[in-house]
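Just so it is clear, none of the values below were taken in a lab; they were calculated from the coordinates. This structure is a prediction, so every number in the text was calculated from the model and none was measured. Neighbour counts are summed over all protein chains in view; Cβ atoms, including those assigned to glycine, are modelled from backbone coordinates with ideal geometry.
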Amino acid sequence: MKWYDILKAGPWGYLSKQGGYGSQITYNGNVVGSIPSLYEQKFSPQANEKSIVSMLNSVWQMMGNKVEYANRSIDVRSHSGHLYTINLFGTSYCKFDVDTDKDSPIGRIPVRLCIDVGESGERPYGDILASWILTLINDEESAQDIDTLYDFLHGGYIGGVQCQFCNTTASFELEDIPERFFCEECNVYSCDLGPGELGPGETEMNLEREYEEYNCPSCRGDVELFWAGWDNVAICHDERLVATPEGGLYPVMIIDRQLTYGELQETDDEDVFEYDTRLYRYTDGIEAEQIPWPEEEE
């Protein structure tokens with residue numbers, strides 16, 4: 001009895017190249033993916049068919065409680081308890097993208113693992129797919145030889161966020177990502193952090209920013225952002241202060257329609273400042289007008 005007759009009852013099947021279509025893989029008779037052309041070039045149709053009908057079905061039946069077909073993909077539940085999804089579409093030779101996720105203080109982070117057996121592992125399509133099912137089921141053991149899988153299981157991921165006021169970037173180890181980010185450089189910007197995405201082979205991700213706020217470093221009240229050339233500042237009208245991206249906090253006045261800070265000198269009157277050898281008093285909010293020196297009043 002031939003191998004095909006013995007195992008043809010398995011769910012996985014093979015459709016040879018027809019017309020303008022390449023060879024395809026089926027599940028319970030339905031087409032679920034195309035076999036990359038390089039498999040057709042390196043192996044005969046008979047070899048690819050045997051690898052699917054024999055090897056893939058054998059592993060599928062042997063690991064029935066660990067694998068499940070789901071909409072052009074294969075879900076694999078590993079011995080470590082992680083769930084991996086092997087995508088059957090968009091694959092290239094000897095390579096499959098595997099989707100999973102990683103727990104973090106801010107929720108589950110989507111991770112796409114790049115699985116590549118290399119040219120030295122040339123085998124028919126069904127053999128490659130079957131071997132990666134087994135690899136993922138035994139993920140903790142397999143991770144010793146697969147860097148991307150090792151990083152997934154044993155940490156090594158970093159999340160980054162950029163302050164939208166001073167543009168400083170902060171990085172956090174996965175387990176140390178805070179739910180709320182406060183920029184320690186400018187003390188103005190803050191936001192809630194959401195999970196980013198880790199692409200194939202990546203260990204660093206940009207975290208999502210949610211519920212962004214810009215606050216006064218002194219009173220934590222609302223500020224007005226002022227973007228004009230180099231004058232990238234946050235104005236607190238209640239405290240009459242201006243915060244700069246460099247972390248500076250200065251009294252601020254509008255003098256002759258110009259935003260002025262950094263060179264204002266305090267006087268005994270909290271409403272009066274000296275600037276450019278002249279005295280100015282607040283009149284309306286941070287608007288100011290020049291006043292005479294005391295001796296000039298006499």
TODO: Any chance you could check the Cα centroid distance between region 230-291 and region 167-217 for me, in angstrom?
DONE: 32 Å
Open item on the list: For H82, H154, which order do you get if you count the other beta carbons within 10 Å of each Cβ and list the fewest first?
Closed with: H154, H82
Task: Eligible aspartates and glutamates near K66 by straight Cα distance, threshold 19 Å, same-chain separation 8 or greater - done: D75, D97, D99, D101, D127, D139, E140, E141
Open item on the list: Using only DSSP helix segments of four residues or longer, with each worth -39500 (n - 2.57), what per-residue ellipticity at 222 nm results for the chain after dividing by its residue count and rounding to 500?
Closed with: -4000 deg cm²/dmol
Task: Listed residue (G248, S58, I137) projecting farthest to the positive dipole end of the chain, Cβ model - done: S58
Open item on the list: Run the simple label-point estimate for Q144 and L83 please: 7 Å along Cα→C-beta, distance reported in nm.
Closed with: 2.9 nm
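Over all directions, average the projected area of the Cα convex hull of the chain and note it in nm². Display every interim value, and only then the final one.
On the way: hull surface 91.9 nm².
Taking the Cα atoms of the chain, their convex hull projects to 23.0 nm² on average.
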- [ ] Of the options P294, S16, F89, report the single residue whose Cα projects farthest towards the positive end of the charge dipole of the chain (beta-carbon charges: Lys, Arg +1; Asp, Glu -1).
- [x] S16
Task: Length gained when the stretch E208-Q258 is fully extended (0.36 nm per residue, less Cα-Cα span) - done: 14.4 nm
- [ ] Work out the length of the dipole vector of the chain about its Cα centre, built from +1 on the beta-carbon of each Lys and Arg and -1 on the beta-carbon of each Asp and Glu, and round it to the nearest 20 debye.
- [x] 3980 debye
Task: region 128-159 and region 32-50: distance between their alpha carbon centers, rounded to Å - done: 26 Å
TODO: Take K95, project a point 7 Å from its Cα along the Cβ direction, then tell me which residues of region 32-74 have their backbone nitrogen under 16 Å from it.
DONE: 36-39
TODO: Work from the charge dipole of the chain (Cβ charges, +1 for Lys and Arg, -1 for Asp and Glu, about the Cα centre) and give the residue of C186, T168, I109 farthest towards its positive end.
DONE: I109
